[in-house]
Amino acid sequence: MPKLEAMLVSSVLSVVSQQIGATIRGHIRLQWDFNKDLNKMKMALESVQAVLEDAERQSIQDATVRLWLKRLKDAMYAISDMLDEFESSNKPARWKFAATIPGIAIGPRFSMANKMKKMREELENITNQHQNFRFTTDISSIVQPFLDERETDSYLNDQTLIVGRTEEKIRITDSLYESTMEGITILPIYGIGGIGKTTLAKLVFNDTLFKDYSQVWIYVSQIFNLNKIGNSVISQLSKGESHIAEKQRMRTRLAELLSAAGKKILIVLDDLWEENEIQLEELKGMLTVGGEGGKVIVIVTTRDEAIAKKICTVHPYKLPPLADERCWDIIKQKCAFEARDDKDHVESIGRDIAMKCGGVALAAQALGYMLKPLTFGEWEAVKNSDLWNLPAFKDEPSPQRNVLACLLLSYKSMPSHLKLCFAYCAIFPRGHKIVKDDLIHQWIAHDFVAPSSIFSTRQLCESYVKQLLGLSFLQHAKSFSTNVVHGRDVSLFTMHDLVHDLARFVMADELHDTGKVRSIWGSNCRYAVVRLVLYQRRDPRDSNSDCQPCTHTG
Ligand SMILES: Nc1ncnc2c1ncn2[C@@H]1O[C@H](COP(=O)(O)OP(=O)(O)OP(=O)(O)O)[C@@H](O)[C@H]1O
Ligand SMILES: [Mg+2]
């Protein structure tokens, strides 16, 4: 998959430009000669900022533009690092010391002046080169400065927000309920990411037809662990029995619980990725225990048809895409369509955009939220965007391609600071539960938060989180507690896989992958991928998830 790092340049540039502004304001009397350089840099950046939207667009097709953007971004980072160095060498204590022994202060100051001059010249060279590309100043840019885990559970936040799927739900509930089969029935639901498999499984799970069933919801994840699944069934059926580490005892206890005479049990195994037939047979065997008059129904969700076919006992159900009309319903919900004055104008454009979602609910959600603050002209710009035909996604199957394009459009509409905060989440492994408070601290530590004289940094971070949740770029993850414990907010978030892919694409070579590249020397990376020693085996969807200790460079 080609990289999309060019999409990050404008946000980096805007943040560094603000950093320069802040440095100028902060040190104007102490270092007036540096300020001349800083002001020149700022002007050079401003001259290039106006054409960046076009440059990013052209970079999709043109490798030389991509190269130019990369040089610009690298220069941005070098300037940012230099300013950090400048800040730390200008701490008051240092200055006092320098005043007493002047000779000591001259060295660092002199080399800083040299660095500053070199950086300014390098930046001017790069920015002057943009004349060669005939970029246009883009005022119809859709960029709007609006402020604004995968682990699943059976809880349905608000059933009224789920559109369509009534027919699908009735088909599944009826066929399962009417199944006279004693013993085990395994029905897989399969379909592409974000189409609504988990949502449909929740609808079935919460249906009143199954209210006299003992119910178990298990999020399987890409890390398949039979012992964990078995123990999870035990603890949910026995209401809290503690973990049984020994396999033999676990299997015996599980069999006792599942085979209780006359017991009816509904189990959802959400998000199964295991392909290995032996493992799947063992899972099946573990759950197949005949109790007299008992019935065990298992609903499995998976993206993979082959897995569905391996695990099923009845014909697997392929979840069809949502009708375009339903995607339009989701967009309408998310963009507060009914409250718009220009409803009649935007409706036909909105319907055209809905068709591009490929029936994928997740894509419709992200687009709907993004369209909310946009004007009629901007809705048109979204509809006609080049991103729908992005060559970077040309190898993807059609619905997937559209989902990625939808997500990328949402990404492009975010303000610069929010873009950086989102892209930063690529450092976490797929499916990782991100602790809200930690994430916010990291954003602050990296200076991703926009300066504001009205809102506190914390308030701004809360607003970033809210926006990312609104876009479905972050999702709430179930946690043992979502309260504040010892003053720490332990709310957890996850990112949908496709959203995580997007963050990785945008970060591209900014991420140092210790699994692939052993040394960081000579690379341009700014962040190391977080790795968990907890991960015992390779994530089949993610080449970045080897077992490594957690590291992070900034
Ligand atoms: N029918 C629907 N109406 C409204 N929103 C929906 C509908 N179906 C799914 N969604 C929303 O779309 C998002 C993705 O849905 P879901 O998690 O069910 O997809 P999935 O097929 O299970 O994806 P994955 O393969 O990644 O597990 C969720 O935020 C969900 O709330
Ligand atoms: Mg799912």
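Can you confirm whether D489 is modelled with pLDDT under 85, charged (D, E, K, R) and exposed (fewer than 14 other Cβ atoms within 10 Å of the Cβ)?
no
Given (1) at pLDDT 85 or above; (2) closer than 20 Å to M507 by Cβ, identify the lone condition not met by M414.
(1)
Could you please find all residues in the stretch 227-247 being surrounded by 20 or more Cβ atoms within 10 Å (Cβ to Cβ) and either more than 23 Å from N276 (Cα to Cα) or not assigned by TED's automatic domain parsing to the domain that holds S259 (or both)?
Once the filter is applied, which keeps residues that are surrounded by 20 or more Cβ atoms within 10 Å (Cβ to Cβ) and either more than 23 Å from N276 (Cα to Cα) or not assigned by TED's automatic domain parsing to the domain that holds S259 (or both), the stretch 227-247 yields I234, L237.
Any idea how many residues of the stretch 156-186 are of a type outside the set (D, E) and away from ligand 1 (no atom under 15 Å from the Cβ)?
Matching residues across the stretch 156-186 total 11.
Of E151, E182, which residue is within 16 Å of ligand 2 (Cβ to nearest atom), open to solvent by 60 Å² or more (accessible area, probe 1.4 Å) and modelled with pLDDT under 75?
After ruling out the rest, the residue left standing is E151.
I'd like the full set of residues that are of a type in the set (G, A, S) and within 16 Å of ligand 1 (Cβ to nearest atom), limited to the stretch 264-318.
A306, A308
Of everything in the stretch 209-226 that's in contact with a helix residue (DSSP H, G or I) (Cβ under 8 Å, 6 or more places away or on another chain) and open to solvent by 40 Å² or more (accessible area, probe 1.4 Å), which residue is farthest from ligand 2 (Cβ to nearest atom)?
L209
What's the number of the condition V296 fails, among (1) at positive phi; (2) more than 16 Å from ligand 2 (Cβ to nearest atom); (3) buried (at least 16 other Cβ atoms within 10 Å of the Cβ)?
If we test V296 against (1) at positive phi; (2) more than 16 Å from ligand 2 (Cβ to nearest atom); (3) buried (at least 16 other Cβ atoms within 10 Å of the Cβ), just (1) comes out false.
List pairs: first residue in the stretch 459-470 and within 13 Å of I444 (Cα to Cα), second residue among the aromatic types (F, W, Y) anywhere in the structure, Cβ distance under 6 angstrom, at least six positions apart or on different chains.
Listed pairs, sorted by first residue: C461/W443.
Can you name every residue in the stretch 193-208 that is within 9 Å of ligand 2 (Cβ to nearest atom), surrounded by 22 or more Cβ atoms within 10 Å (Cβ to Cβ) and part of a helix (DSSP H, G or I)?
Selection gives K197, A201.
Does V289 meet the test of being in the same structural domain as P188 (by TED's automatic domain parsing), modelled with pLDDT under 90 and open to solvent by less than 70 Å² (accessible area, probe 1.4 Å)?
Yes.
Quick test of your reading of the structure: G377 fulfils all but one of (1) assigned to a helix (DSSP H, G or I); (2) in contact with a helix residue (DSSP H, G or I) (Cβ under 8 Å, 6 or more places away or on another chain). Name the failing condition by number.
(2)
Does the stretch 251-268 contain at least one residue that is of a type outside the set (G, A, S), part of a strand (DSSP E or B), within 16 Å of ligand 2 (Cβ to nearest atom) and within 14 Å of L287 (Cα to Cα)?
Yes, the stretch 251-268 has at least one match.
Here are some conditions: (1) at pLDDT 90 or above; (2) open to solvent by 20 Å² or more (accessible area, probe 1.4 Å); (3) outside any loop (DSSP other than H, G, I, E, B). G164 meets all but one. Which one does it not meet?
Here G164 clears every test but (3).
Does K284 count as among the basic types (K, R), open to solvent by 10 Å² or more (accessible area, probe 1.4 Å), closer than 21 Å to V296 by Cα and in the same structural domain as G196 (by TED's automatic domain parsing)?
yes
When both residues are 6+ apart or on different chains and their Cβ atoms are under 9 Å apart, which pairs have a first residue that lies in the stretch 349-375 and is not assigned by TED's automatic domain parsing to the domain that holds Y464, and a second that is of a type in the set (S, T, Y) and open to solvent by 20 Å² or more (accessible area, probe 1.4 Å)?
Listed pairs, sorted by first residue: G358/S398; A361/T199.
Quickly run through the stretch 170-179 and pick out the residues that are surrounded by fewer than 19 Cβ atoms within 10 Å (Cβ to Cβ) and not small (G, A, S).
Hits for the stretch 170-179 are I170, R171, T173, D174, Y177, E178.
Just name the residue that is least open to solvent (accessible area, probe 1.4 Å) out of those in the stretch 325-374 that are assigned to a loop (DSSP other than H, G, I, E, B) and more than 23 Å from L468 (Cβ to Cβ).
G359
The values are calculated or read from the model by the stated rules, or taken from the named source; none is laboratory data. Note that the structure is predicted; figures quoted are calculated from it, not measured. Neighbour counts are summed over all protein chains in view; Cβ atoms, including those assigned to glycine, are modelled from backbone coordinates with ideal geometry. Surface areas here come from the heavy atoms of the whole protein model, side chains and all, with no ligands, DNA or RNA. Shrake-Rupley method; radii C 1.70, N 1.55, O 1.52, S 1.80 Å.
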